[in-house]
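The values are calculated or read from the model by the stated rules, or taken from the named source; none is laboratory data. Please read all numbers here as calculations on a predicted model, not as lab measurements. FYI the Cβ positions are ideal-geometry reconstructions off the backbone, even for glycines, and counts take in every protein chain you see.
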Amino acid sequence: MNDINNDIRLFADDTSLFVVVENDHAAAATSLTDDLNVISNWAKKWAIQFNPQKTKNIVFSRRDREHPPVYFGLNGDEIDETDNHCHLGITFQSSATWKKHIDDIYKKACSRLLLLRQVKHLLDRYSLIRIYFAFIRPVLEYGDVVWGNCTKKESDLLESVQIEALPRVVGPYTLRGLECKCRTDNSG
């Protein structure tokens, strides 16, 4: 696939083809169509199939202007345009914001926290801490180098999961002791 004119990124079985467009949307669409044809021919040559249901077209822009509709196809199947797409576990939005991704993380972390709450009385503190660090914290931190510039409101939403998890994991007595120690340390 050395004949690709635009940027392409490959990771395992995921492929992303993209172009940065300043003004000439028609030229960009033509260039992407040419590249999709190259990819299609390459796939036929090597007997590789791309899944048309997982292939999406997304236009990223912080501007509220409409872009002209463009047909993209791969192996005769139309590539659907979407407002958001999950790629390698991170949800990208056409508005170039992280709201949907943060909401998804929050829901996933809360559902895992609910499971932790249900087994809390069966486990010791050490096990609860290990479960938190193995199953909840990674959900909150995965890909944060990408979406770390989210809004304060979105960041606070994720922080609320950790605030709720703390007394469930370390226990209310430890938490009270921590609050007292902080007050003592700051009183000086």
Worksheet item: Are any of the residues in the range 157-164 of a type in the set (D, E), touching a Ser or Thr at 6+ places or on another chain (Cβ under 7 Å), part of a helix (DSSP H, G or I) and more than 30 Å from N37 (Cα to Cα)?
Response: no
Worksheet item: Restricting the range 68-110 to residues that are aromatic (F, W, Y) and outside any loop (DSSP other than H, G, I, E, B), which is modelled with the lowest pLDDT?
Response: F92
Response to the item:
Expected output for the range 41-63 (first residue closer than 24 Å to F92 by Cα and not assigned by TED's automatic domain parsing to the domain that holds H85, partner of a type in the set (D, E) and surrounded by 10 or more Cβ atoms within 10 Å (Cβ to Cβ), Cβ below 6 Å, 6+ apart or cross-chain) is none
Worksheet item: If a residue has to be surrounded by 13 or more Cβ atoms within 10 Å (Cβ to Cβ) and at pLDDT below 85 to count, how many in the range 1-24 make the cut?
Response: 2
Practice prompt. With the condition kept exactly as written, say whether any residue in the range 89-111 is closer than 25 Å to H25 by Cβ and among the β-branched types (V, I, T).
Written response: yes
Discussion item. Restricting to the range 50-92, name every residue that is within 16 Å of S40 (Cβ to Cβ) and of a type in the set (V, I, T).
Written reply: T55, I79
Worksheet entry | Matching residues in the range 35-53 - criterion: being loosely packed, with under 14 Cβ neighbours inside 10 Å and of a type outside the set (S, T, N, Q) | K44, K45, W46, A47, I48
Worksheet, complete the sentence: When (1) out of contact with any Asp or Glu (no Cβ under 7 Å at 6 or more places or on another chain); (2) surrounded by 14 or more Cβ atoms within 10 Å (Cβ to Cβ); (3) not in a loop (DSSP other than H, G, I, E, B) are applied to A27, the one that fails is (2)
Item to complete: With respect to K153, determine if the residue is under 30 Å from E22 (Cα atoms) and of a type in the set (K, R).
Response: no
